Amino acid sequence: MSKHTFSIGGVHPHDSKISRECAIEQLPLPPSVYLQLSQHIGAPAKPIVAVGDKVKVGQPIAEPGGFVSAFIHSSVSGTVKSIAPRPDLAGNPQMCIEIAVEGDEWADGIDTSDTLVTDLPEDNKAIIEKIRLAGVVGLGGATFPTHVKLSPPPGSKCEMIIINGCECEPYLTSDFRVLLEKGEQVVVGAAILSKVMGGVPCTIAIEVNKPEAIAHINEVIARLGYAGISVMPMKMRYPQGSEKQLIDAVMHRQVGSGALPISVGAVVQNVGTALAVYDAVQKNKPLIDNVLSVTGECFPRQANIRFRVGTPISYIIDCLGGMPADAVKVISGGPMMGRAISNLDAATLKGTSAILFLTEKQTRRAPEGNCIRCGKCADACPMGLEPFLLIRHARLGNLEALEQNAVQDCIECGCCLYSCPARIPLLDHIRQAKGAVLGAIRARAAAAKAATEAAKPAPVIPSAVEESKK
Amino acid sequence: MSKLLVSPSPHIHSKDSTRSLMLDVVIALIPAAICSFVFYGWREVLLMAVSVASCVLLEWAVTRFMLKKPSTIGDFSAVITGMLLALNLPYTTPLWVVVTGAVVAIGVAKLTFGGIGQNIWNPALVGRVFLLVSFPTYMTTWGAPAGVVDAVSGPTPLGAIQEGLLSGASVQDLTAAYNYKDLLFANLGGSAGEACALALLAGFVYLCIRKVIKPWITLSIFATVALTALIFWGINPDRFTGPLFNLLTGGLILGACFMATDYVTSPMSLWGGVVFGVGIGFLTMMIRYFGSYPEGVSFAILIMNSVVPLLNMWFHQKKFGRK
């Protein structure tokens, strides 16, 4: 049994990987797709097509709206029907490009064959540019643009690439299936990532509840003959797949508060991202599809499906037999960090990893009781915070104390709320408090910046200085 | 389309609840309860029944009629208080005294502060200490287990030694009357809970395995008691009792395993817990050696309960990626 795991906190929910045996299926094309312009962290993309334009699969339809932003490509071929706001999964309007599907015609230059291409391009800059042009974003949850992550700020040095195959969230099996069915592509993708970062070693972290994947990837690495890539079996523990926790587990280094992984020499990419990188670099295929699990004990038709980005969730559910009668909650993502869906007509995004159905019994929150000061929330917190203390300050609106007790370090993994025996909605309150504290920190930074700029003007006029002192 | 439930993550919850944790403590106390029944008979069963019933009933009545809140008896914490109170009393205690203890424990020490989770001091201990200072006659006449010792009642080992010391005897002569096998398996006069050390330790191990409590508080109490006793006993074995004797007598095991580890009244952090345990161990020994009461565990725990908020303020767990 593997001992590799992160050092603080964590919980052990039942892994419930009931769709693990379901091979990846191709979802039929929907009548229309809706491509949200903001489906990555950073600035929303800007449309470069107009209503009425004919587009092909893989053709760019929106360009980055800033440095931290990403291209969006048409995931289908057809006609642009509208560029308009459409309710997302929480019902909030989001700008979407609607494309009516006509046939399945791919843009030129995309290699749609299954041939494995193992020869890596020489030029690292060209590789990163290809990744950028393909609109690749992190598929582990945060959807951070990958090319930005691969361009570390000057002065920082990458020492290891970690491929995150932990899939520590219960129920999710899409990464597992990708590792099993697209293991070669993932390993080549990992090799590309390690080459881009200067030939650093690459560790593929997989939890021990996926022994087939560990064996398969080991076999693939040996077969393809990559010396710098290795598999690290991880102890089962949530939230192992969280970036900071995974770096701690693999490299025994803790990323400081507010710092980036690169500050300790680490770059983490998800299994799905490694596959997308392979597709982008070796096959010229932009990120237009992804694999998600459709699962839940109450859902009879378990599946792992490859879907085109922008496919409405309701279409996927209908294809697999419709809503189960006793499901009361549908979640996009896993049960620990996923978002509850209120609008089933919402479109899937690049980073959608699962559609999970939960029954009332599974998800109903019991009434809140008194805190019994058992400290289980503090034991569970992987960031070493004390949720019982944070919620007390949050209820008092005590922002200063919240900041002193590092509420801004919270990764919102949900371990505190999960483990609280009194069923106190710890994370609900802490999440709000974190938002308020981050706002205060930003306001302070902005004020400090404004102050230095105000103090900057070179020709100092004594009276103005006097004025500013007041 | 049916309505969908929407709430923030996480969407699932561990099976632990206040009730399940408290139920584990009740289970952990059962071996000790059974032992006390074996040694002291039906009278002990009656004592425990009255104690538990009055605690539960009182909590129900007060929450229902005075606080006008949903009753909290379903969380089993009142049952634990009742069991611990009973295990802390001599089996000969009159039932009206037991009820008085329950009123103080639940009514004064627990519900006055706002019920479960809000109290500063361990309710069962407050009840016990109230009875100890109010009705010392009942509380220090300890029945010896039926059929084991001829005497119907007598002082506890610690009480006997204190009296003996006052009359000029040496500790060595006094402790010669006890052997450690008896102390472990309960053949001595004392409160029901002091009766069987092994049964209490079994309950403690169960709680640790079930991860209801962490062992650090208890272990630091044991270590401090042993170390303090070793030092004093090493200096003057005629005046001071030794480590093993102190570990096995006077309800130390009951206090260290079940009272000091009470969630509500113990520190949250690991090091806070260790300091808390060291404080209890040291104070216990000081009271035993130099105090006017032969026994100090209850007082030591209550005193350390009072500094828990400070310990929680001073000791925090290590935060990820911060110095």
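The values are calculated or read from the model by the stated rules, or taken from the named source; none is laboratory data. As the structure is a computational prediction, the values presented were derived from the model and not from experiment. Every residue, glycine among them, receives a Cβ derived from its backbone with ideal geometry; neighbour counts consider all protein chains shown. Accessible surface areas use protein heavy atoms only, side chains included; no ligands, DNA or RNA. Shrake-Rupley method; radii C 1.70, N 1.55, O 1.52, S 1.80 Å.
A simple count of charges around A:Cys319, restricted to other residues whose Cβ falls under 12 Å of its Cβ and scoring Lys, Arg +1 and Asp, Glu -1, yields -1.
With charges only on Cβ, +1 for K and R and -1 for D and E, what is the dipole size of the protein assembly as shown about its Cα centre, in debye, rounded to 20? Kindly include the intermediate steps, with their values, before the conclusion.
On the way: 65 positive and 59 negative charges, 268 e Å.
For this selection, approximately 1280 debye.
Within 10 Å of the Cβ of each residue in B:16-22, the mean number of Cβ atoms contributed by other protein chains is 5. Placing one equal scatterer on every Cα of region B:18-138 and applying the Debye formula, the log10 ratio I(q)/I(0) at q = 0.10, 0.14 Å⁻¹ is -0.27, -0.54.
A cut-off of 5 Å between modelled amide H atoms, ignoring neighbours fewer than 5 places along the same chain, links A:Asp289 with A:Val309. Within region A:413-444, whose backbone N sits under 17 Å from a point 7 Å along Cα→Cβ of A:Ala451? Within reach of a label on A:Ala451: A:440-444. Once divided by 2.2 N^0.38 Å, the Cα radius of gyration of region A:160-224 becomes 1.08. In this calculation the C-beta distance from B:Trp314 to A:Glu181 is compared with R0 = 51 Å, giving a FRET efficiency of 0.40.
Can you tally the net charge around A:Gln240? Count Lys and Arg as +1, Asp and Glu as -1, for every other residue whose Cβ sits under 14 Å from the Cβ of A:Gln240.
-2
Mean silhouette area of region A:112-289, derived from the convex hull of its C-alpha atoms and averaged over all directions, reads 9.5 nm². Subtracting the Cα-Cα distance of A:Ala401 and A:Ala100 from 0.36 nm times their residue separation leaves 103.1 nm of extension gain. The B-A contact accounts for roughly 4200 square angstrom of buried accessible surface, both chains included, probe 1.4 angstrom. Here the Karplus relation 6.51 cos²θ - 1.76 cosθ + 1.60, evaluated at θ = phi - 60°, turns the backbone of region A:176-181 into coupling constants of 4, 5, 4, 4, 6, 9 Hz, with x for every Gly and Pro. Scanning residues 5 or more positions from A:His73 or on other chains, those with amide H under 5 Å from its amide H are A:Ile61, with H placed 1.01 Å from N in the peptide plane.
Separation of region A:339-415 from region B:269-323 is 31 Å, based on Cα centroids. What does the net charge come to around B:Gly101 if you take all other residues with beta carbon closer than 13 Å to its beta carbon, with K and R at +1 and D and E at -1? So the surrounding residues net to +2. The label point for B:Lys15 and the one for A:Thr112, both projected 7 Å from the Cα toward the Cβ, are 5.0 nm apart.
Overall shape of region A:186-239 was characterised from the C-alpha gyration tensor. The equivalent ellipsoid obtained from it has semi-axes of 21, 14, 8 Å, in decreasing order.
Straightening the chain between A:Ser263 and A:His14 buys 86.3 nm, computed as 0.36 nm per residue apart minus the Cα-Cα spacing. A simple spin-label model places the labels of B:Leu230 and A:Ile41 5.2 nm from each other, with each point 7 Å out along Cα-to-Cβ. Per residue of peptide A:363-370, the mean number of Cβ atoms on other chains within 10 Å of the residue Cβ is 5.
Note on A:His252/A:Ser82: beta-carbon distance plugged into 1/(1 + (r/R0)^6) with R0 of 56 Å gives a FRET efficiency of 0.65. Taking every DSSP helix (H) stretch of at least 4 residues in chain A, weighting each as -39,500 (n - 2.57) and dividing the sum by the residue count yields a mean residue ellipticity at 222 nm of -9000 deg cm²/dmol. Alpha carbon centre of region A:315-331 versus region A:107-133: separation in Å? About 37 Å separates the Cα centre of region A:315-331 from the one of region A:107-133. Convex hull volume of the C-alpha atoms in region A:226-265, normalised per residue: 83 Å³.
Taking label points 7 Å from Cα along the Cα-to-Cβ direction, B:Lys69 and A:Ala366 give a separation of 1.7 nm.
If you wrap the tightest convex hull around every Cα atom of region A:376-453 and split its volume per residue, you get 78 Å³. Taking every residue in A:374-387 and counting other chain Cβ atoms within 10 Å of its Cβ, the average works out to 5.
Once the chain from A:Ser7 to A:Arg423 is taken as fully extended at 0.36 nm per residue, the excess over their C-alpha distance is 147.2 nm.
The lysines within cross-link reach of B:Lys319, meaning a Cα-to-Cα straight distance under 30 Å and a gap of 8 or more places when in the same chain, are A:Lys3, A:Lys149, A:Lys157, A:Lys235, A:Lys244, A:Lys376, A:Lys434, A:Lys449, B:Lys15, B:Lys211, B:Lys214.
Think of a 1.4 Å ball rolled over the protein heavy atoms: the protein assembly as shown then has 41 Å² of accessible area per residue.
The C-alpha radius of gyration of the protein assembly as shown, expressed as a fraction of 2.2 N^0.38 Å, stands at 1.18.
Computed on the Cα atoms alone, the convex hull of chain A gives a volume of 172 cubic angstrom per residue.
Contact order, relative form, for chain A: 19 percent (alpha carbon pairs under 8 Å, 6 or more residues apart, mean separation divided by residue count).
Taking the DSSP beta bridges with both ends in the protein assembly as shown, the antiparallel portion is around 60 percent.
Annotation for region A:74-93 versus region B:54-123: alpha-carbon center distance of 61 Å.
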